[in-house]
1. Any residue at all in region A:255-271 that is surrounded by fewer than 19 Cβ atoms within 10 Å (Cβ to Cβ), within 18 Å of residue B:95 (Cα to Cα) and modelled with pLDDT under 95?
2. Counting only residues that are surrounded by fewer than 17 Cβ atoms within 10 Å (Cβ to Cβ) and within 27 Å of residue B:40 (Cα to Cα), which one in region B:73-87 is nearest to the other protein chains (Cβ to nearest Cβ)?
3. Say whether the condition of being surrounded by fewer than 19 Cβ atoms within 10 Å (Cβ to Cβ), in contact with a helix residue (DSSP H, G or I) (Cβ under 9 Å, 6 or more places away or on another chain), in contact (Cβ under 8 Å) with a residue 12 or more places away in the chain and facing chain A (nearest Cβ under 9 Å) is met by at least one residue in region B:13-23.
4. Give all pairs with beta carbons closer than 6 Å in which a residue from region A:283-296 that is within 15 Å of residue A:178 (Cβ to Cβ) meets a residue that is loosely packed, with under 10 Cβ neighbours inside 10 Å; count only pairs at least 6 apart in sequence or on separate chains.
5. May I ask you to list pairs of residues, at least six apart or on different chains, whose Cβ atoms are under 6 Å apart, with the first in region A:186-200 being more than 8 Å from chain B (Cβ to nearest Cβ) and on the phi > 0 side of the Ramachandran plot and the second being surrounded by 22 or more Cβ atoms within 10 Å (Cβ to Cβ) and in a loop (DSSP other than H, G, I, E, B)?
6. Can you tell me which residues in region A:246-261 are more than 14 Å from chain B (Cβ to nearest Cβ) and either without any contact (Cβ under 8 Å) to a residue 24 or more places away in the chain or not in a loop (DSSP other than H, G, I, E, B) (or both)?
7. Are any residues in region A:169-183 in contact with a helix residue (DSSP H, G or I) (Cβ under 7 Å, 6 or more places away or on another chain) and either surrounded by fewer than 21 Cβ atoms within 10 Å (Cβ to Cβ) or over 21 Å from residue A:283 (Cβ atoms) (or both), and if so, which ones?
């Protein structure tokens, strides 16, 4: 594992190629170590303050070495992921991109819903990051709609993390004011804990699953802002209790918004598209505000420059 | 499964600290894990032992400080003790309870040599 950028152990692939290339460091004391890196364009890694490559030799015995001492750490276990997520979020904000992290069990109909969404948003720039343990079948399905997509294969991993997504974002070459849809690995447990830099997590529950999934997998439903209740065209054939499902979701997350959708019948898709358009408008407005703020600041600085003697 | 990623995260924080604070062996690691954090403690121990093998934390003892889950009822403002990330308010029966504590996942301190 690369201890510098937190890369995995070489099993993560983006569009079929390793996310990282190895490179080797020679330390001041002559020892070498190699680690995997993929310095894609513009993506420099977070080198913490302590990461010089002049490691003090371990045999530099300080007085009292051998005695036990306590070291305060007080850091979040996910600190590294959160730092990458923050960077992703900044990149997205600078470019007015609205990003969603779509999470669900396998088979909830995420990819079908995404394909339909891309088709209905014709004229709007949309890009997709697909996460699966293996295969690029989902990215292929998205590309068939005409939208750019990259596939992340997590190998043994059960979720996407912010570092993988940062690399995938570079490969996509995201457009200004575009929509970025990140389809996480089908898993209702682990992706809840990993911030990718998205504006919202959207959890998809299909009516062919149990109504009680929100209380069985509460972390995910608590982390999401929106629940899409999918495959509602099948309701006449099932005993699924919609009100009970929404009730369970609100027990876990009183503020969760719910939209009933069906990619097949088209139910609820207008409301879903409105949610996306509102998000895109908000991302654009926030970018514009930043740009306007910077312009004002530049104008102020120019005035100051003109006043001061050469 | 994600306990493996979390264990790797713990080891990274330890290795970063070792570079900054110049120590070469860790004997005990104190983790603060909230009862509502999505972490299975036994799985965490198993994964940490596996990822620490061959590192400066090999064989280190993992001490887990479990912090209680707490919430606040948005209907009647009562403070609620939670053993799951959701629950009914004991005062008014509402499920409008927001989690306020117990989701921590932190490396607190290390005993090092």
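The values are calculated or read from the model by the stated rules, or taken from the named source; none is laboratory data. Source: prediction; values computed, not measured. Heads up, the Cβs are rebuilt from the backbone with ideal geometry, glycines too, and the neighbour counts pull from every protein chain shown.
1. yes
2. Here the residue is B:84.
3. Within region B:13-23 (the criterion being surrounded by fewer than 19 Cβ atoms within 10 Å (Cβ to Cβ), in contact with a helix residue (DSSP H, G or I) (Cβ under 9 Å, 6 or more places away or on another chain), in contact (Cβ under 8 Å) with a residue 12 or more places away in the chain and facing chain A (nearest Cβ under 9 Å)), the answer is no, since none of the residues qualifies.
4. Taking only residues 6 or more apart or on different chains, not a single pair turns up.
5. Matching pairs, first to second residue: none at all.
6. Of everything in region A:246-261, those that are more than 14 Å from chain B (Cβ to nearest Cβ) and either without any contact (Cβ under 8 Å) to a residue 24 or more places away in the chain or not in a loop (DSSP other than H, G, I, E, B) (or both) turn out to be A:257, A:258, A:259, A:260.
7. Within region A:169-183, just A:177 meets the criteria.
Conditions (1) more than 14 Å from chain B (Cβ to nearest Cβ); (2) in contact with a helix residue (DSSP H, G or I) (Cβ under 7 Å, 6 or more places away or on another chain); (3) over 29 Å from residue A:83 (Cα atoms), marked per residue:
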{"site": "A:105", "(1), (2), (3)": "yes, no, no"}
{"site": "A:108", "(1), (2), (3)": "yes, no, yes"}
{"site": "A:115", "(1), (2), (3)": "yes, yes, yes"}
{"site": "A:122", "(1), (2), (3)": "yes, no, yes"}
{"site": "A:131", "(1), (2), (3)": "no, no, no"}
{"site": "A:143", "(1), (2), (3)": "yes, no, yes"}
{"site": "A:159", "(1), (2), (3)": "no, yes, no"}
{"site": "A:167", "(1), (2), (3)": "yes, no, no"}
